[in-house]
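Some notes on the structure that comes next.
What follows draws every value from the coordinates through simple rules; no lab data is involved. Bear in mind the structure is a predicted one, so any value in this text is a computation, not a measurement. Cβ atoms come from the backbone with ideal geometry, glycine included; neighbour counts cover every protein chain shown.
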Amino acid sequence: MPAGAFMELLVMKHLKMVSGYRKFSYVTDVGGIMNAVGEMRGLGFPKQPLLNKIPGTPSGNADLNEEWFVRTITEKVASHPDNSLEYPFFGERIFDEPLVGFVSGDDPLLEDYKRIIGPHHFTPEEIMAWQARNNDVAPPPAPELSVVSFVLPISGTTKKENAGKTDWASERWAQTRLNGEIFSQTMVREIVSYLMGRGVLAVAPDVAPMFNKKRYPRVGWASPWSHRHMAYAAGLGTFGMHNLLITPKGCAHRVGSFVVNLKLRPIGKRPDDIHAYCLQYQGMECLKCMKRCPVNAITREHAHDKEICYKRTARSTVYCNKNYHIFIYGCGLCSTGVPCESGIPQKILSGAQHGKPGT
Ligand code: SF4
Ligand code: SF4
């Protein structure tokens with residue numbers, strides 16, 4: 001590891017408090033500030049790993065199959081030291097056992113996302129072409145690519161704590177929003193680095209420099225790579241009134257995804273109805289998420305309003321800094337204390353006609 005990166009790691013570890021709250025988190029929570037700059041501006045991420053151009057490696061990569069990805073991600077979530085909260089919950093796990101799924105790079109839905117989400121949204125082929133250029137190799141065609149998508153369910157203690165809140169996110173939830181995201185990016189970086197070392201092009205779109213969340217014309221606040229839409233494409237869940245993904249492990253989670261130059265088969269069938277697991281959309285009165293929202297960002301008529309939600313969560317930065325001493329925003333009230341919090345609602349499962357979602 002280069003000396004600069006080592007020093008950076010030392011500072012980060014030091015600032016990840018283990019014995020007390022950090023002071024003046026607006027300037028001292030380096031991890032939180034860097035995370036926000038990365039999310040909004042696509043800056044400050046560690047350098048991309050370089051491709052190891054070993055002749056003949058593709059045939060030697062037969063072990064890098066679906067089972068390898070499920071096992072690797074599951075093991076990292078179970079044992080990675082960064083999957084843990086900080087003071088005063090030091091050592092508590094952030095995430096439980098994940099769900100993992102795959103989408104082929106030439107799945108027509110991924111091209112459709114340019115129409116559904118907006119023309120700014122990357123296809124796997126576009127983002128991989130950038131990584132190929134970085135390494136001076138030919139860009140692989142879409143059929144040679146796959147998206148690996150994963151869902152990290154938030155721990156029961158954190159969900160229970162947030163379900164007890166009615167105004168702002170709980171402390172564990174806020175830490176999960178920050179440390180959980182950092183863990184997720186670290187885990188993906190480790191996997192991407194490993195694959196590149198094995199001669200397999202791989203890239204995490206949300207830590208590439210062209211990633212930035214901003215207001216797009218006619219779309220509103222959006223990012224050029226939607227992990228949630230990748231998870232839907234991979235058959236891991238469907239959208240609810242709150243616009244979160246309802247999965248077999250619920251909607252209280254973080255999702256992540258990355259692109260690999262490998263052919264991986266999708267697991268399970270994706271429901272055609274993008275709202276298949278939401279009670280309200282399926283004609284069963286619910287709207288519990290609407291009642292949980294403190295600013296009426298969810299309505300019966302229009303479902304989730306991104307702008308109202310964004311304004312509220314942006315304001316929570318002040319609350320989180322003042323009360324929890326970390327630089328983050330978050331809310332999650334609509335994903336806790338609701339029937340879809342920890343699984344597909346029972347009423348849907350008992351009447352379900354849908355294919356069972358992936359592993
Ligand atoms: S709380 Fe009810 S209405 Fe809201 S997303 Fe969940 S199932 Fe749908
Ligand atoms: S995350 Fe957004 S929609 Fe959900 S409760 Fe908070 S402000 Fe409302």
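Per the Kirkwood formula applied to alpha carbons, the range 182-300 shows a radius of gyration over Rh ratio, Rg over Rh, of 1.02.
The ellipsoid equivalent to the alpha-carbon distribution of the range 249-359 has semi-axes of 29, 22, 12 angstrom, derived from the gyration tensor eigenvalues as √(5λ) and listed largest first. With Cα atoms defining each centre, the range 103-162 and the range 201-269 are spaced 7 Å apart in the structure. Each Cα pair under 8 Å and six or more residues apart adds its sequence gap; the mean of these over the residue count of the range 141-209 is a relative contact order of 17 percent. The HN-Hα couplings worked out from phi for the range 311-316 by the Karplus form 6.51 cos²θ - 1.76 cosθ + 1.60 (θ = phi - 60°) are 4, 5, 5, 4, 5, 5 Hz, whole numbers, x standing for Gly and Pro.
Amide H contacts for Ile246 (H built 1.01 Å from N in the peptide plane; partners 5 or more residues away or on another chain; cut-off under 5 Å): Thr238, Phe239, Gly240. Residues whose amide H falls under 5 Å from that of Trp221, counting only those 5 or more places apart or on a different chain, are Tyr216, with hydrogens built in the peptide plane. Around the amide H of Glu341, modelled in the peptide plane, lie the amide H atoms of Cys251, all under 5 Å away and 5 or more residues distant in sequence or on another chain. The ranking of Glu126, Glu86 by Cβ neighbour count inside 10 Å, starting from the fewest, reads Glu126, Glu86. Hydrodynamic radius of the range 93-249 by the Kirkwood approach over all distinct alpha-carbon pairs: 17.1 Å.
Kirkwood Rh over alpha-carbon pairs of the chain, then Stokes-Einstein at 37 °C and 0.692 mPa s: what D in µm² s⁻¹, rounded to an integer? Once the numbers are plugged in, D ends up at 156 µm²/s. Per q in 0.21, 0.28 1/Å, what log10 I(q)/I(0) does a Debye calculation on the alpha-carbon atoms of the range 68-137 return? After summing over all Cα pairs, the log10 values are -0.90, -1.10.
Quick one: of Lys160/Lys306; Lys165/Lys291; Lys160/Lys288; Lys165/Lys306, which pairs are farther than 19 Å apart, Cα to Cα? Checking Cα-Cα distances, Lys160/Lys306; Lys165/Lys306 exceed 19 Å. Phi angles of the range 286-293 translate, via the Karplus equation with coefficients 6.51, -1.76, 1.60 and θ = phi - 60°, into HN-Hα couplings of 9, 6, 5, 5, 4, 5, 7, 6 Hz per residue; Gly and Pro are given as x.
Ranked for footprinting exposure by Cβ neighbours inside 10 Å, fewest first, Trp221, Trp168 give Trp221, Trp168.
Every helix of 4 or more DSSP H residues in the chain counts as -39500 (n - 2.57), and over all residues that averages to -10500 deg cm²/dmol at 222 nm. The 3J(HN,Hα) values that the Karplus relation (6.51, -1.76, 1.60; θ = phi - 60°) gives for the range 147-155 are, in residue order, 9, 9, 10, 9, 10, 10, x, 6, 4 Hz. Gly and Pro appear as x. Its convex hull of Cα atoms gives the range 123-179 a direction-averaged projected area, equal to a quarter of the hull surface, of 6.2 nm². Taking other Cβ atoms within 10 Å as a rough exposure proxy, Ser104, Ser350 sort from fewest to most as Ser350, Ser104.
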